[in-house]
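Engineer: So that we are looking at the same thing, I have put the structure below in structure tokens.
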Amino acid sequence: MTAPADTLATVDSSAILHTPAPPTNVAAEDTPNDGGGAITVTWSPSPDDHEGGKVKGYKIIRAEYDDGKPGEFKEVGDVPAGKTEYSNEDGNTTDGILYLYMVTAFNRMYDEAGSLLEYSSDSEQSDPVTSSAQWFNMTRINVLAGVVLLSFFIIYFIQQAKAGKDLYIRRIAGMEAVDEAVGRATEMGKKIFYITGLGDMDNMQTIASMTILGRVAELAAEYETYLDVPVCRSLVMVTGREVVKEAYSKVGRPDSFKPDQVHYLTDDQFGYAAAVDGMFVREEPATIFYMGQFFAESLILAETGNSIGAIQIAGTAMPAQLPFFVAACDYTLIGEELFAASSYLSKEPKLLGSLKGQDVGKGIILVALIIGVVLESFGIWQLSNLFMVK
Amino acid sequence: MITAIVGITFVVSYFIPHFPFNRMDAWFADWFSIIQACAIVLGALNLLKLSAQKVIGQKKDWGYSAVIILSFLLITVIGFAEGADYRDPGTSFDWLYVNMFIPLSATMFSILAFFVASASYRAFRARNFEATLLLVAAFFVMIGRVPVGDVITGFMPVGYRFSDLANWIMDFPQTAGQRAIMIGIGLGVVSTSLRVILGIERAHIGSGE
């Protein structure tokens, strides 16, 4: 029990009344599945830990344990009443050093003079424990199994495709329209704009966008139509130039490639939207592609493109922006179609094989979902738990 | 080869919490930031070069390019002149940021409201069954999100008012659709990553074959 010294005399009689019983069964163990530096402490709650009870919370007290002797106990954290576990996830223990833990149940109140009084009782000490790093996160074993399974199917179908097996891939309207869109720009003698979105090269959507850019650039080079790629990330500009240059070379028109076709505008979201909108209005392109990661600027761009009568094909994996593109564009690649587009356009068996593997993965998830829904409806939750990721 | 090694390392580091794998994310993020910072010079020079070419050649709309160059130089010179504390309140840089940059950004953002209206007008026309479904759902969601919705259905028991219907549409059909899209995206990301790691997909590094 602790209380301010000058108030001890007056509150002593009520101390017994207000001091909570200590928690019991305090145990400390190395936090599993982590990179070390963390220990998890558990305890059985104080009998006074209940609605309206004396326990306001628990303090976690720790001391280093060296040569069989505990050092000075210091408070390292606290949790509110009702909790029975504490983990220093900030990693403030040193691996290899032994620690002892105690848990203190405390009660706090103000006396008549307005002074804060605290009554507390300490638990027994835990056994010595040390933190350590693990080599495998067992909580992610289901993810590993999923990745291995999906990879297996993808690689299997790639091999099948390489062996010459005919694979059926459903028609993607947006991709079928790429030829038509580029052809339209050629007929009208106008530019094609390709917008890569706000993502940088560390974003998978931008990588997918770059692969589609390559196919669009090949067509543009073939039809001798100017392709303008204004970007908002410097690394995307550098990568985009390589992609477009390669595409022009591939169709035998390396001289038609101009590095400034892929040019940087600004990193700022609305600055970029303003600049691109201005270019749309002034240059009135016949065709606009939006492929990549988009945020609030998606509709600003797509509506402006719509207002000038351009044929627009969009693709993004940002679910919140999809309705805007659907409303304002002629064709929209929804989510996974963005990632499938490069394979679809190239028609390369190896790439198509990966799409087939992806579809099998989707089929497995679909079956698991249906079974999971049925089981959950009957109160059987084990299957759902298999899919939980910590 | 580099892509494959880095890709596999990242996949492995997701499952191994031990050092050095648990630090990979942070290290690569640092390196990416360093490369990004260097690359911004390329971007800025490209912007200045193209703008300067337009101004010097007096090409169509060269005035916009002149504004770009002047704005770029002004903000850069002031930023450097004010040293490390250039973002502190009261600095000239901060004044330009607060009184020019923020209002300009806000203006662009606010235009969105008008675009939403025009896009909604087109999207919500009842051309076919799906569009009619969208129109009806949108009507209930919109009216359920404003106070007048519950005033109109005030006589109904709680749970059957417009706001409840709007919440139901958002919580069930909308969430189900969005999750289906998210699952597809997740699989697409894994598949694309695998193609990149295995070297099947190389268009993004300028090599389609």
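Quick grid of which residues meet (1) more than 10 Å from chain B (Cβ to nearest Cβ); (2) more than 20 Å from A:Ala177 (Cα to Cα); (3) open to solvent by 70 Å² or more (accessible area, probe 1.4 Å):
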position: A:Ile288; (1), (2), (3): yes, no, no
position: A:Phe294; (1), (2), (3): yes, yes, no
position: A:Asn306; (1), (2), (3): no, no, no
position: A:Gly309; (1), (2), (3): yes, no, no
position: A:Gly353; (1), (2), (3): no, yes, no
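Engineer: Moving on. Which residue out of A:Phe270, A:Phe280 is open to solvent by 10 Å² or more (accessible area, probe 1.4 Å), among the aromatic types (Phe, Trp, Tyr), within 34 Å of the chain's Cα centre (by Cα) and assigned by TED's automatic domain parsing to the domain that holds A:Ala314?
Structural biologist: A:Phe270
Engineer: When you go through (1) surrounded by fewer than 16 Cβ atoms within 10 Å (Cβ to Cβ); (2) under 30 Å from A:Tyr272 (Cα atoms) one by one for B:Asp171, which number turns out not to apply?
Structural biologist: Condition not satisfied by B:Asp171: (2).
Engineer: Can you confirm whether B:Ala37 is open to solvent by less than 40 Å² (accessible area, probe 1.4 Å) and closer than 27 Å to A:Asp202 by Cα?
Structural biologist: In short, no.
Engineer: Quick check on this structure: which one of A:Tyr248, A:Tyr194, A:Tyr226 is more than 8 Å from chain B (Cβ to nearest Cβ), closer than 19 Å to A:Met318 by Cα and not polar (S, T, N, Q)?
Structural biologist: Of the residues listed, the single one that is more than 8 Å from chain B (Cβ to nearest Cβ), closer than 19 Å to A:Met318 by Cα and not polar (S, T, N, Q) is A:Tyr194.
Engineer: Shifting gears a bit: Inside region A:232-257, can you point out the residues that are out of contact with any strand residue (DSSP E or B) (no Cβ under 7 Å at 6 or more places or on another chain), among the basic types (Lys, Arg) and free of Cβ contacts under 8 Å to residues at least 24 places away in the same chain?
Structural biologist: A:Lys245
Engineer: Could you tell me whether A:Ile313 is at pLDDT 95 or above, open to solvent by less than 20 Å² (accessible area, probe 1.4 Å), touching a Cys at 6+ places or on another chain (Cβ under 7 Å) and assigned to a strand (DSSP E or B)?
Structural biologist: The answer is yes for A:Ile313.
Engineer: Then there's this: Quickly run through region A:316-347 and pick out the residues that are away from every other protein chain (no Cβ under 11 Å) and assigned to a strand (DSSP E or B).
Structural biologist: A:Tyr331, A:Thr332
Engineer: Scan region B:180-191 and give yes if some residue there is out of contact with any Leu (no Cβ under 6 Å at 6 or more places or on another chain), of a type outside the set (Phe, Trp, Tyr) and in a loop (DSSP other than H, G, I, E, B), otherwise no.
Structural biologist: no
Engineer: Restricting attention to region A:202-223, and to residues there that are surrounded by 20 or more Cβ atoms within 10 Å (Cβ to Cβ) and over 15 Å from A:Gly315 (Cβ atoms), which single residue is nearest to the chain's Cα centre (by Cα)?
Structural biologist: Across region A:202-223, the extreme among qualifying residues is A:Ala217.
Engineer: Being more than 10 Å from chain A (Cβ to nearest Cβ), part of a helix (DSSP H, G or I) and among the hydrophobic types (A, V, I, L, M, F, W, C) is true for just one of B:Phe109, B:Phe155, B:Phe140. Which residue is that?
Structural biologist: B:Phe140
Engineer: Could you grab me the full set of residues in region B:40-66 that are farther than 16 Å from A:Glu283 by Cβ, open to solvent by less than 90 Å² (accessible area, probe 1.4 Å) and more than 11 Å from every other protein chain (Cβ to nearest Cβ)?
Structural biologist: Correct list: B:Ala52, B:Val55, B:Gly57, B:Ala66.
Engineer: Residues that are out of contact with any strand residue (DSSP E or B) (no Cβ under 8 Å at 6 or more places or on another chain) and either under 29 Å from A:Asp202 (Cα atoms) or at pLDDT below 90 (or both): does region B:150-173 have at least one?
Structural biologist: No.
The values are calculated or read from the model by the stated rules, or taken from the named source; none is laboratory data. What you see is a predicted model; the values in this text were computed from it and never measured. When we count neighbours, we look across all protein chains shown, and the Cβ atoms used for this are built from the backbone with ideal geometry, even at glycine. Note: accessible area is taken over every heavy atom of the protein model, side chains too, but ligands, DNA and RNA are not part of it. Shrake-Rupley method; radii C 1.70, N 1.55, O 1.52, S 1.80 Å.
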